[in-house]
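Readers should treat all values here as calculations from the given coordinates under stated rules, not as data from a laboratory. Nothing here was measured: the structure is a model prediction, and the numbers come from that model. Cβ placement follows ideal geometry from the backbone for every residue including glycine, while neighbour counts extend to all protein chains displayed.
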Amino acid sequence: MLLYKIFVDPFVQMGASPDLLIQTLWEGLVAGMLYALIALGFVLIFKASGVFNFAQGIMVVFGALTLVGLYDMLTHIGVSMPVAAAFIALGLTIVVMFFLAYGVEKIVLRPLINQPDIILFMATFGLTYFLIGMGELVFGGNPKIMISDQLYLPKGSIDLKIFGGLVSLQKIDIAAAIIASIMVAGLAIFFSKTRIGRALRAVADSHKAALAVGISLEQIWVIVWFASGLVALVTGIMWGARSEVSFALQVIALRALPVLILGGFTSIPGAIVGGLIIGIGEKLGEFYWGPLIGSGIESWLAYFIALVFLLFRPQGLFGEKIIERV
Amino acid sequence: MLYREAGQFKTSYASDQAVFPILQDRIGVIVILLIVFFVIPYFSNEFILQAVMIPFLIYALAAIGLNLLTGYTGLLSLGTGAFMGVGAYACYKLSTLYPDVHILVWIVASGFVAAAIGVFFGLPSLRIKGFYLAIATLAAQFFLQWCFVRIPWLVNYNVSNAIEVPTRTLGGIAVTGPNASPQTRYLIVLSIVVVMTWLASNLVRGRIGRMWMAVRDMDIAAELMGIRLLTTKLLAFAVSSFYCGVAGAMMVFLWYGGAEADTFNINQSFFVLFMVIIGGLGSLLGSYLGAALIFILPILLRFVPPQIGLTIHSATVEHLTFVIVGALIIFFLIVEPHGLARLWQIAKQKLRVWPYPY
């Protein structure tokens, strides 16, 4: 009976109402995409500098919070047009993210060059705390509403009639999907076509060899941290527009970690595919199997999905093969 | 000048292998033990005992547990908080199921329950390493925390869904529960922590500790030398979870007096990891130093501004604490990536050769 409930019943439910299935899949897809964006920020930094950047999640919040906070300040000092204020705030936030990247490179990474990975990992923890405190100190700790209207982000939903049921797609989710695709495509082109992108790939392959051919590591690291700061900002805007901007958002960063081990720390396609697998798996599990074992399973389901994959591929789906020598 | 080992000859293997081979170290440790056992409990107020010393010792024990795993065996774990929770919930279940058995027995027994759970969640370590493993241990953290919330059997179907510590006595004196005096609880925590530290220091110097360190330095090489990875890694998980479990049980029974699932959330895991890294990976002394710094620092930050006449809004203090702790973590890592224990070693070396530079 229990086996029936676990292995047969959910699939019967799926077949019985395909519209619900599609709705769940869509939600999983959207959540997965946002996970993928966070994972993308992790991967960019890990590839180029070998740093496991725990602060990526908080950078998402920090970016969104800075944007909203700056917008508030601008309207206070008398920038009357909301749209202008929003876009000035966006520009200023990008500048802030650049200085954050620059500061991280100069103050945190440079003195810690050549230290074991775990020390660098710990340093990003320090950074996380620092950014949480700073963000709350400057912009206040209460949740804020993302300025989605002023940034021309669409609102409302599209209802589609499929299989006799109604599937509703939030417009902001569609916009997020489009923007995420553009960003990934942009990054791919940046990595393969531009001089800096190629330098980045060289650094990812070998720090020493890259230094030997005259690539400046410092410069590359600032660029990488800036790039993942931008990714974080976009993620923050998207996620903030769906709910609100608050430090509760940092929890989603923990959700994105299984995406990383699933996709592999060094693979951009891995981050995307992993994100989608985790997002869809999580929503399906919560919706169809959740009632069986009690709700809230999405807090750990992703980790178990990732663990199952890891048992067969210890370096993640797309990770580089680990060759160890004694 | 005083700290010099000239003239102290080691004439037997036993003295060569001693934990503290230098006479001055032995004297120092005895003095510290005398102070913590006989001076502090009688000459300090309730606040110091309840809010500083008891938590410090408990966190030091948890940090030792994590240090055995991360510092000695090289397996990065982010599930410490959950293993502490397992200890706490196990102790609660056992002590309410069998109220007649001595509570100290259950505190130790709950460590074994935590060890069993730890071994189970340590299984992935045989296949995956490094940061991949760290994230895999997060599975333990989230899954166990979910269990604490969702399984009402664990809290004896309490409506509040929380642990309330029952009063247990030892020779007529209340040890746990609301009636226990801070002195009693402090002395019990102290005794357990001292004994377990002594056990750990002997463990890491012996055959097992050397096996752990060999695995840490390079597990494939260790395997080729005939060390069984399966047993070594799982043993590390078991011992580490045992320490964390006992720390968790003490945390609820001898410090908080009650707890809910959120007490053992992921921040607890990170907190202990900070202590281990700031204190020094692979050093028992470091676990104490790290626990002292990380735990006592926020308390100081909260109490210093009013003392010097600054009035800051309490929310601002909270935020400032985050900023300062974050900055200090980075600062300490930059100044001494090997932790406070390394600073202590350097200081010892300086003392030894004083007044000469080398």
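General remarks:
- log₁₀ of I(q)/I(0) at q = 0.23 Å⁻¹ - region A:165-219, Debye sum with one point per alpha carbon: -0.85
- Of the two radii for region B:217-358, the radius of gyration is 1.07 times the Kirkwood radius, both from the alpha carbons; that is the Rg over Rh value.
- Label-zone membership for region A:102-146, site B:PHE331, 7 angstrom Cα→C-beta point, backbone N under 15 Å: A:108, A:126-127, A:130
- P(r) histogram, all alpha-carbon pairs of region B:132-199 included - 10 Å bins from 0, percent: 17, 25, 32, 24, 3, 0
- Sequence-ordered 3J(HN,Hα) estimates for region A:130-136 from the Karplus curve with 6.51, -1.76 and 1.60 and θ = phi - 60° stand at 4, 5, 4, x, 4, x, 6 Hz, glycine and proline given as x.
- Cα convex hull of chain A - mean projected area over all directions, nm²: 19.8 nm²
- The charge dipole of region B:21-353, taken about the Cα centre with unit charges on the Cβ atoms of Lys, Arg (+1) and Asp, Glu (-1), comes to about 840 debye, rounded to the nearest 20.
- Distance cut-off 16 Å, percentage of C-alpha pairs in region A:1-45 lying past it: 58 percent
- Order of A:LEU311, A:LEU120, A:LEU284 - criterion: other Cβ atoms within 10 Å of each residue's Cβ, fewest first: A:LEU311, A:LEU284, A:LEU120
- Fully extended contour minus Cα-Cα distance, from A:GLU320 to A:ASP9, at 0.36 nm per residue: 108.1 nm
- Radius of gyration and Dmax over the Cα atoms of region A:201-326, both given in Å: 17.9, 59
- Taking 0.36 nm per residue of sequence separation and removing the Cα-Cα distance, the A:LYS155/A:MET1 pair yields an extension gain of 51.0 nm.
- Label zone at A:ARG242 (point 7 Å along Cα-to-Cβ), backbone N below 20 Å, region A:273-293: A:273-290
- Taking the helices alone, chain B has a mean residue ellipticity at 222 nm of -21000 deg cm²/dmol, built from -39,500 (n - 2.57) per DSSP H run of at least 4 residues and averaged over all its residues.
- Taking label positions 7 Å along the Cα-Cβ direction at both A:PHE99 and B:LEU230, the computed distance is 5.8 nm, reported to one decimal.
- Residues B:ASN45 and B:GLN345, FRET efficiency given R0 of 35 Å [Cβ-Cβ distance, rounded to 0.05]: 0.55
- Distant-in-sequence amide H partners of B:VAL175 (H built 1.01 Å from N, under 5 Å): B:ARG168, B:THR169, B:LEU170
- Among B:ALA90, B:ALA82, B:ALA162, the largest mean-square fluctuation in a Gaussian network model of chain B (Cα springs under 10 Å) belongs to B:ALA162.
- For the residues B:SER283, B:SER110, B:SER160, a GNM of chain B with alpha-carbon springs under 10 Å puts the largest fluctuation on B:SER160.
- Here B:THR169 and B:ILE32 are evaluated by their C-beta separation; at R0 = 41 Å the FRET efficiency comes out at 0.85.
- Magnitude of the charge dipole, region A:18-249, Cβ model with Lys/Arg +1 and Asp/Glu -1, debye to 20: 640 debye
- Positive dipole terminus of region B:123-248, leading residue within B:VAL165, B:ALA134, B:LEU235 (C-beta point charges): B:LEU235
- Shape category assigned to region B:83-149 from the gyration tensor of Cα positions, a/c cut at 1.5: prolate
- B:LEU126 paired with A:ILE107, simple spin-label distance in nm, labels 7 Å along Cα-to-beta-carbon: 4.6 nm
- Modelled label reach - B:VAL149, point 7 Å along Cα→Cβ, region A:253-269 residues with backbone N closer than 18 Å: A:253-258
- Rounded to the nearest 500, the 222 nm mean residue ellipticity of chain A from helices alone is -23500 deg cm²/dmol, with -39,500 (n - 2.57) taken per DSSP H run of at least 4 residues.
- Springs between Cα atoms under 10 Å define the GNM used for chain A, and in it the highest mean-square fluctuation of A:ASP72, A:ASP19, A:ASP205 occurs at A:ASP205.
- Within region B:180-266, the trypsin sites (Lys or Arg not before Pro) that combine a DSSP coil assignment with at most 13 other C-beta atoms in a 10 angstrom radius are B:ARG228.
- Exposure rule at most 13 other beta-carbon atoms within 10 Å, DSSP loop trypsin sites (Lys or Arg not before Pro): chain A longest free segment: A:156-320
- Test item: Cα-centred dipole of region B:249-358, Lys/Arg +1 and Asp/Glu -1 on Cβ, debye: 580 debye
- One way to sum up the overall shape of region B:21-353 is the equivalent ellipsoid from its Cα gyration tensor, whose semi-axes run 29, 27, 22 Å, largest first.
- Cross-link check: pairs A:LYS171/A:LYS283; A:LYS47/A:LYS171; A:LYS208/B:LYS129; A:LYS161/A:LYS283 evaluated at a Cα-Cα cut-off of 30 Å; pairs beyond the cut-off: A:LYS47/A:LYS171.
- Comparing A:ILE113, A:ALA248, A:ILE38 along the charge dipole axis of chain A, the residue lying farthest to the positive side is A:ILE113, per the Cβ-charge model.
- When the protein assembly as shown is reduced to its Cα atoms, the Kirkwood hydrodynamic radius in Å: 27.2 Å
- Qualifying lysines (Cα of each under 22 Å from Cα of B:LYS348; at least 8 residues distant if same chain): B:LYS10
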